[in-house]
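Structure, as structure tokens:
The values are calculated or read from the model by the stated rules, or taken from the named source; none is laboratory data. Please read all numbers here as calculations on a predicted model, not as lab measurements. So basically every Cβ, Gly included, is an ideal-geometry build from the backbone, and we count neighbours across all protein chains shown. What goes into the accessible areas is simple: the full protein's heavy atoms, side chains included, and nothing from ligands, DNA or RNA. Shrake-Rupley method; radii C 1.70, N 1.55, O 1.52, S 1.80 Å.
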Amino acid sequence: MTGRRILEIGGIVAGVILIAFGIGALVMSINARNTVSDELTQQKIVGSPDMNPTDIQAAMKEAGITNVVPAPSCNVAEKAIESGSDARCFAQYMQIHALEASGGLMYAEMGRYLAKADPSDPKGTSDEAVALTDESGKPVANAFRNTWVTETALSTALNVSYMAEQIALFGLVVGIALLLSGVGFLILAVAVLGGTAAAKEAAKAAPNATPVTS
């Protein structure tokens, strides 16, 4: 088998392999997107009425937190959360709600316990000596800080679903690219193989051709 023949067959094999990988990437990516959608749908999450740019900006202004984080530009008000993009949007609004409850303080800016001097202050304290205590004398946990813990956990899960959806979208693009590349390789290899066969037939017929006389 000549080197040219090996290259021709190799081109066909490469084309078939690329097509197979492309189809596999497409199938897995579509399955991943469907899984994200199905899992989110099962949670039955629905955006609250204020989860729109207009209402949330008014709420942020009233709470005095307009300079803490930017207001979301997406809208999931009274909308079922069934996609990664909607999940990310919902997570952004959740952060605004947590900031409203904490008076604009982030998790790291709040103490572990409520302060005895002012239990309504979200800032609290991490000093047990000045913390508010319960009937058993134990420091009372800072509920505002715990709200942030819950918000962070839920937001992380929602953002992960968004990331998974984006990775699946990237997989779709890669799958299409592999599929097109494989088809191109296959067409090129078949065309070269066909040209080689035609050239051989022409070469065989050449000795038997009738000479042209002048």
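Observations, loosely collected:
- Sulfur and carbon atoms: percent of accessible area, the stretch 119-194 [1.4 Å]: 72 percent
- Counting 0.36 nm for each residue step from Q43 to E109 and taking away their Cα separation leaves a gain of 20.7 nm.
- Taking all protein chains together and a 1.4 Å probe, the residues M28, M110 rank M28, M110 from largest to smallest accessible area.
- Scaled to the globular estimate 2.2 N^0.38 Å, the Cα spread of the chain, given as radius of gyration, is 1.92.
- Accessible area in the full protein assembly, largest first, 1.4 Å probe, for Y113, Y93, Y107, Y162: Y107, Y162, Y113, Y93
- Accessible surface area normalised per residue over the chain is 62 Å², counting heavy atoms of protein chains with a 1.4 Å rolling probe.
- In the stretch 86-127, the C-alpha radius of gyration followed by the widest Cα-Cα span (Dmax) gives 12.6, 42 angstrom.
- Net length gained if the chain between A177 and A153 were fully extended (0.36 nm per residue, minus Cα distance): 5.0 nm
- Helix-derived mean residue ellipticity, 222 nm - over the chain, DSSP H n ≥ 4, -39500 (n - 2.57), to 500: -23000 deg cm²/dmol
- To the nearest ten degrees, helix 84-102 and the longest principal axis of the Cα atoms of the chain are 20 degrees apart.
- Amide hydrogen proximity for A131: with H placed 1.01 Å from N in the peptide plane, the residues at 5 or more positions away or on another chain lying under 5 Å are K116.
- The figure for C74 is an accessible area of roughly 40 square angstrom, using a 1.4 Å probe on the protein chains alone.
- Whole-Hz couplings from phi, Karplus 6.51/-1.76/1.60, listed for the stretch 163-178; x for Gly and Pro: 4, 4, 5, 5, 5, 5, 5, 4, x, 4, 5, 5, x, 5, 4, 5
- Heavy-atom accessible surface of K116, to the nearest 10 Å², is about 120 Å², with a 1.4 Å probe and all protein chains retained.
- Percent carbon-and-sulfur accessible area, the stretch 41-108, ignoring ligands, DNA and RNA, probe 1.4 Å: 48 percent
- Once you reduce the stretch 114-131 and the stretch 1-52 to the center of their Cα atoms, the two points are 53 Å from each other.
- Once the Cα atoms are used to define both axes, helix 53-63 deviates from the longest principal axis of the chain by about 30 degrees.
- Listed peptides 77-86, 164-173 by packing density, highest first (mean Cβ within 10 Å): 77-86, 164-173
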